Amino acid sequence: MRQPLIELVEQPYLKTRLPVFHIGDTVDVLCRIVEGDKERVQVFNGVVIARRGAGINESFTVRRIVANEGVERKFLIHSPNVVNVKIRRRGKVRRAKLFYLRHRIGKARKVRELRVHKREAQEAELAGSAA
Amino acid sequence: MIPALLGTKIGMTQVVDERGAAEPVTVVKAGPCVVLRVRSKETDGYDAVQLGYGELKPHRSTKPMIGHAAQAGTSPKRVIREVRLSESTAVSRGDVLTVEQFAEGTVGYVDVTGISKGKGFAGVMKRHGFGGKGASHGVERKHRSAGGIGGSATGGTGRSVKKGKRMAGHMGHVRRTISGLRVVKVDSDNDLLVIHGSVPGPNGSVVLVRRSKKRMG
């Protein structure tokens with residue numbers, strides 16, 4: 001399905017180093033926001049509930065609760081407006097899509113934390129911050 | 001400059017514009033096209049150029065076609081189209097046209113002509129955007145039907161259906177032009193045009209890209 005000529009067009013728009021994160025992780029998405037001629041970075045904090053697509057079309061969905069109301073935001077992973085994705089907490093999940101979180105209320109919303117060895121965590125941190 | 005080029009629709013993707021927003025684009029491999037013949041007011045009654053695009057093995061072609069191409073000093077072409085010009089242009093037989101004539105700054109907008117995707121025999125809701133009928137409230141077996149097609153008073157004589165009444169039938173696979181599409185990028189190394197938005201036809205189909213008649217700049 002992938003056309004070499006299309007990839008040629010997409011190439012300059014792809015990021016060379018992608019942030020490393022997984023489904024279920026609680027992340028801070030640093031997004032660039034342009035207001036008039038000013039530019040600033042806003043943080044969107046939440047749980048990664050889905051990741052889809054490939055290449056320049058790849059996107060991920062982050063869900064958070066604001067004032068007791070669920071808010072979801074989709075980001076194109078290759079978008080220059082997504083400056084970085086920092087992992088706050090890693091999640092232990094068994095699905096690729098966490099849409100079931102939408103129906104959960106209160107404490108049940110929580111994703112079980114994935115406990116990792118200190119060394120592994122440091123390595124992941126390094127990989128993440130390099131992106 | 002001839003503001004036209006034959007090409008192949010490669011497919012769609014997205015790129016990022018200067019604001020960082022994703023922009024839908026179609027990639028078209030356009031040209032190189034050879035001018036096989038120049039038509040002029042004096043000899044033919046109108047101004048046009050005949051463009052040839054795509055290689056064709058001589059043994060798959062006919063002798064007349066090989067001869068015709070040889071007059072332009074080239075091999076037989078797979079696709080041949082004539083493009084009308086508003087006035088005679090300095091171009092001669094055998095000239096090769098590439099995407100460079102659409103290079104940034106010269107042509108901002110283009111019209112793209114192609115054969116749209118065939119949809120087969122389509123009902124009125126898909127083909128003409130009719131509303132259909134209710135899913136409920138006693139409607140039986142006619143949820144996607146067109147409704148009335150005329151009464152005793154229509155068509156002048158009565159008891160007939162007006163000509164041109166929109167009904168179900170074959171949809172798509174017709175020549176369509178989408179006008180005023182912005183040229184996002186020109187890649188002359190690979191003969192690629194990156195055009196904003198969609199273009200008629202399936203991937204791999206032949207399209208004609210012309211400088212826009214309506215939108216200049």
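The values are calculated or read from the model by the stated rules, or taken from the named source; none is laboratory data. In this text the structure is predicted, and so the values were computed from the model without any measurement. Virtual Cβ from ideal backbone geometry, glycine too; neighbours counted across all protein chains shown. Side chains included, ligands, DNA and RNA excluded: accessible areas come from the protein's heavy atoms. Shrake-Rupley method; radii C 1.70, N 1.55, O 1.52, S 1.80 Å.
Restricting region B:26-65 to residues that are open to solvent by 60 Å² or more (accessible area, probe 1.4 Å) and β-branched (V, I, T) leaves a set whose member that is nearest to B:V110 (Cα to Cα) is B:T43. Name every residue in region B:155-198 that is farther than 30 Å from B:V96 by Cβ, assigned to a strand (DSSP E or B) and open to solvent by 50 Å² or more (accessible area, probe 1.4 Å), in order of residue number. Of everything in region B:155-198, just one residue is farther than 30 Å from B:V96 by Cβ, assigned to a strand (DSSP E or B) and open to solvent by 50 Å² or more (accessible area, probe 1.4 Å), namely B:H170. Residues in region A:4-23 that are open to solvent by less than 30 Å² (accessible area, probe 1.4 Å) and at the interface with chain B (Cβ under 8 Å from one of its Cβ atoms): A:I6, A:V9, A:E10. Going by what's in this entry, would B:K9 be described as of a type in the set (K, R), open to solvent by 10 Å² or more (accessible area, probe 1.4 Å), more than 14 Å from chain A (Cβ to nearest Cβ) and farther than 14 Å from B:R84 by Cα? Answer is no for this residue.
Would you pick out the residues in region B:205-217 that are open to solvent by 30 Å² or more (accessible area, probe 1.4 Å) and modelled with pLDDT of 90 or more?
B:V206
In region B:50-58, the count of residues that are in contact with a His (Cβ under 9 Å, 6 or more places away or on another chain) and among the basic types (K, R) is zero. Quick check: anything in region B:54-62 under 19 Å from B:L208 (Cα atoms) and more than 19 Å from the chain's Cα centre (by Cα)? There is at least one residue in region B:54-62 that is under 19 Å from B:L208 (Cα atoms) and more than 19 Å from the chain's Cα centre (by Cα). Looking only at residues in region A:65-81 that are buried (at least 18 other Cβ atoms within 10 Å of the Cβ) and either free of Cβ contacts under 8 Å to residues at least 60 places away in the same chain or over 14 Å from the mean Cα position of the chain (by Cα) (or both), the one that is farthest from the other protein chains (Cβ to nearest Cβ) is A:F75.
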